[in-house]
Every structure is written in structure tokens, then in C-alpha cells.
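K.L.:
Below is one structure. I have some questions about it.
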Ligand SMILES: *[C@@H]1O[C@H](CO)[C@@H](O)[C@H](O)[C@H]1NC(C)=O
């Protein structure tokens, strides 16, 4: 019972903090879904936020990541 209450509380907190996307499933608000940031598991790569979790991608060979607002550009 206690763990269910803890999960519910976490879900409510996550929903409250990402209320711009009320259809999103409960997720740790590590990032804002749909945004991209430079970094992640690949050198010169980037991450795309998927339901609150960053997913790593690599830039094309010979290019690296540059931030551009909420998105990124892979460029030389
Ligand atoms: C960055 O984004 C803006 C609009 O969001 C765009 O006009 C601009 O071309 C982008 N920068 C690069 C280097 O592509």
C-alpha cells in the first residue's frame, strides 16, 4: 500500500510540473518532452527528450552538436 501511495504522489508531482503536456504518462521530469539538448552518450551528439527521459543520438559523421533554442543543429 505504501509503495502505491508513493507512486501516486510522484505521479501527481510529475504531472503538476509538466502541466503543459497533460496527456503525458507519469515520468520523471528530467527534461521537457520534444526538446533536444547537446550531450548524451555519443561524443558530439545530442539527446531528444522522450516522455521526460533523454534519449541519446549521434550526429552525422564529421558533424557535432550546436544548441539552437529548444533544439539542436548538427554541423561542422
Ligand atoms: C535556429 O532556429 C531558428 C528558428 O528556431 C532558425 O531560424 C535558425 O535558422 C536556426 N539556426 C540554425 C543554425 O539553423
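Here, each number is a calculation from the coordinates, and none is a lab measurement. Since we're looking at a predicted model, the values are computed, not measured. Glycine gets a Cβ as well: all are built from the backbone with ideal geometry, and neighbour counts include every protein chain shown.
K.L.:
Taking the condition of being part of a loop (DSSP other than H, G, I, E, B) and loosely packed, with under 12 Cβ neighbours inside 10 Å, how many residues in segment 28-74 meet it?
P.N.:
8
K.L.:
In segment 57-70, what residues are within 8 Å of the ligand (Cβ to nearest atom) and within 10 Å of residue 38 (Cβ to Cβ)?
P.N.:
Within segment 57-70, 66, 68 qualify.
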